[in-house]
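Heads up, the thing below is written out as structure tokens.
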Amino acid sequence: MAKPRALSAPSRALSVAVVGAGLGGMSAAALLAKAGYKVDIYERLPYAGGKAASRQLGGYRFDTGPSLFTMPWVFKEFFSALGERMEDRLKLIPLEPICNYFYQDGARLSSYADELRFGAELERATGATAAQLSRYLKKGRRVWSVAGELFLKHSLHEASTYLSPSGLWSILRLPAIDPLRSLHAANAAAFSDPRAVQLFDRYATYNGSDPYKTPATMRIVPHVEYRWGGWAVEGGIVSVPRAMEAAARDAGVRFHMASEVEAILTDEAGARATGIRVGGKELNYDIVISNADVLSTYRRLLGQPDAPEAKRYEALEPSSSGLVFLWGIKTSFEQLSSNNIFFSADYRREFSRIFDEGLVPDDPTMYVNITSKTSPQDAPAGCENWFVLINVPRNSGQDWQALAAGAKARILSRLGRELGRDIEPLIETEQLITPADIERDTGSTYGSLYGIASNDRFSAFFRHANRSRRIRGLYFSGGSAHPGGGMPLALLSGSITAELVRKHGTH
Ligand SMILES: Cc1cc2nc3c(=O)[nH]c(=O)nc-3n(C[C@H](O)[C@H](O)[C@H](O)COP(=O)(O)OP(=O)(O)OC[C@H]3O[C@@H](n4cnc5c(N)ncnc54)[C@H](O)[C@@H]3O)c2cc1C
């Protein structure tokens, strides 16, 4: 795997404004500051991290966005490009099991990064075999070797990506990434038990997609989870943006918190980015990087809702959103681990409701993340902080309070049945996060968790480029730009953008 190069200094210290201190914004900012650029980052909120936020409710602390940490090497490479060691900034806790799965027929199984252990567990709980798992993961490794580096570490919108020896090597082998059938079709062919199929179908949701539509190339997601493990972070996921912020500050980035960028400024012809407007003041910069959602960058910051890029992006299918319940639970459950999935009975119907009908599933798969399992300070002694998420369609003005009330009743009934306790009386403190809240609080269009979905075999190529071809000096980094959503990808997006700035600067 190629390591990120230490970026070389520009001939004159170019000034860079980064709009947004999400993971993608901070990674681009830190890498450029380290390379000698003068970098200011402007964040609308009083804290850095964007979707990777945290909330305190009484004695309980919750991560309100991401919960599972994967691909630790991405973070390691980021810190090492800054001349640091990740271990000095972040304490990762390996999860074994990575996740506990509960099925409606009563089957239960746990997944492990240790392939032998996971294979034995699959055989114990389902009719699938360890040999099937081994073959499946091997195939995932192959897809990764062809497409992983090409798709995730380079721009797909620059000719140089395809003309490099590694790019050409990958292009020649692209049929091996299995783009023509769906992830579900590949999983159904690989495993002789529907419960194993459902488990591996679930990886489509890691970027808000539908397993019945997303290409089998997405088996790259279970590959990275089982190859490099699933992790918790001491102090919760919020420790990740805090560590990145500290490293970025040490690299020389100047943070301006609670500073909403009102506009990205361009020259009269609209052909070059010239700076930003904040608090009514116009500030000149050589380069502007938007870590804000791509659509809102065109609609609000550039005032170009009809730009061809905005129209093209609007036509793409957004990833799903989430309905989240934060529950402080005044007891603890031994059956639960850090990550727990309670599967629906009919997965196809669940995704059809979300993506085809735009409706909240009537039998949703439930995800329960509990950081107090590994960070006990996140809940009072003997208690647990539950982050309960179901996948729902994007926000289009639904009555989320009413929908949440119905969903809550279904969640309580299912969890009560599985755990053998009436859950409602155990909820000591509660807060709801709806797709409308996610849209308002994180600026993500439609409240989508991961930008556009990968429900099309060409989606990887449709994400917004990291460098604008129409407006010189304007760049994009973050989950709605290439290579897409999820913490490691958002961070990689910032690395790609930093490389492009180094290469193209104001051109
Ligand atoms: C509920 C939920 C669950 C998730 N689960 C996982 C998971 O388990 N694992 C995983 O890897 N990923 C998960 N994700 C996805 C992950 O959080 C995101 O992909 C990633 O954090 C996005 O980073 P980003 O760089 O796009 O920035 P964002 O987090 O989108 O941040 C953008 C920042 O820009 C700021 N901003 C926007 N406009 C302006 C402006 N005009 N002026 C100033 N600042 C502005 C915003 O305030 C925000 O801070 C989840 C997301 C959510 C919401």
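For the chain, averaging the sequence separation of C-alpha pairs within contact (under 8 Å, six or more residues apart) and dividing by the residue count gives a relative contact order of 23 percent. Across the chain, the volume of the C-alpha convex hull divided among the residues equals 136 Å³ per residue. As a calculated quantity, the FRET efficiency between Q401 and F462 at R0 = 30 Å, using C-beta atoms, amounts to about 0.30. Take the Kirkwood radius over Cα pairs of the stretch 80-148, plug it into Stokes-Einstein at 10 °C and 1.306 mPa s, and you get 109 µm²/s for translational diffusion. Working from label points 7 Å from Cα in the Cα-to-Cβ sense, the A13 to D356 distance is 5.8 nm. Working from Cα pairs under 8 Å separated by at least six residues, relative contact order for the stretch 118-229 is 30 percent. For V392, the amide hydrogen comes within under 5 Å of the amide hydrogens of S321, G322, L323, counting only partners 5 or more places away or on other chains and with H modelled in the peptide plane. Under a model in which nothing but the beta-carbon of Lys, Arg (+1) and Asp, Glu (-1) is charged, the stretch 118-229 shows a dipole of about 220 debye around its Cα centre. Of interest is the spacing of the C-alpha centroids, which for the stretch 98-128 and the stretch 235-254 amounts to 36 Å. Using C-alpha pairs below 8 Å separated by at least 6 residues, the relative contact order for the stretch 234-388 is 18 percent.
Using the structure shown, select from K38/K503; K34/K503; K91/K139; K34/K91; K76/K503; K76/K153 the pairs with a Cα to Cα distance greater than 20 angstrom.
Exceeds cut-off: K91/K139; K34/K91; K76/K503.
For the chain, a simple Cβ point-charge model (Lys and Arg +1, Asp and Glu -1, everything else neutral) yields a dipole of about 1480 debye relative to the Cα centre.
So if R0 is 35 Å, what FRET efficiency would H507 and W228 give, r being the distance between their Cβ atoms, rounded to the nearest 0.05? E(calc), rounded to 0.05, equals 0.45. A cut-off of 5 Å between modelled amide H atoms, ignoring neighbours fewer than 5 places along the same chain, links I93 with A232, V233, E234.
Between R117 and S166, the simple spin-label model (points 7 angstrom out along Cα→Cβ) gives 3.1 nm.
Taking other residues whose beta carbon is less than 9 angstrom from the beta carbon of A292, and scoring Lys, Arg as +1 and Asp, Glu as -1, yields +1. Mark the label point 7 Å from the Cα of I93 along Cα→Cβ and return the residues of the stretch 383-398 whose backbone N is within less than 16 Å of it. Counting backbone N atoms under 16 Å from the label point, the list is 383-387. Volume per residue of the convex hull around the Cα atoms, evaluated for the stretch 383-507, comes out as 159 Å³. The alpha-carbon atoms of the stretch 143-295 define a convex hull whose volume equals 199 cubic angstrom per residue. Per-residue ellipticity at 222 nm from helix content only, as computed over the chain with -39500 (n - 2.57) for each DSSP H run of at least four residues, stands at -9500 deg cm²/dmol.
Taking one quarter of the surface of the C-alpha convex hull of the stretch 52-172 gives a mean projected area of 12.4 nm².
Taking amide H as placed 1.01 Å from N in the peptide plane, G49 has its amide H under 5 Å from the amide H of A21, G22, each at least 5 places away in sequence or on another chain. Coordinate range of the alpha-carbon atoms in the stretch 118-229 per principal axis, descending: 49, 24, 23 Å.
Scaled against 2.2 N^0.38 Å for its residue count N, the alpha carbon radius of gyration of the stretch 267-416 is 1.45. Site pair R181 and E262 shows an inter-label distance of 5.7 nm when each label is modelled 7 Å from Cα along Cα→Cβ.
Values quoted throughout were computed directly from the atomic coordinates according to the rules given, and no laboratory measurement underlies them. All values reported here derive from a predicted model rather than from experimental measurement. Note that each Cβ is placed from the backbone with ideal geometry, even for glycine, and that neighbours are counted across all protein chains shown.
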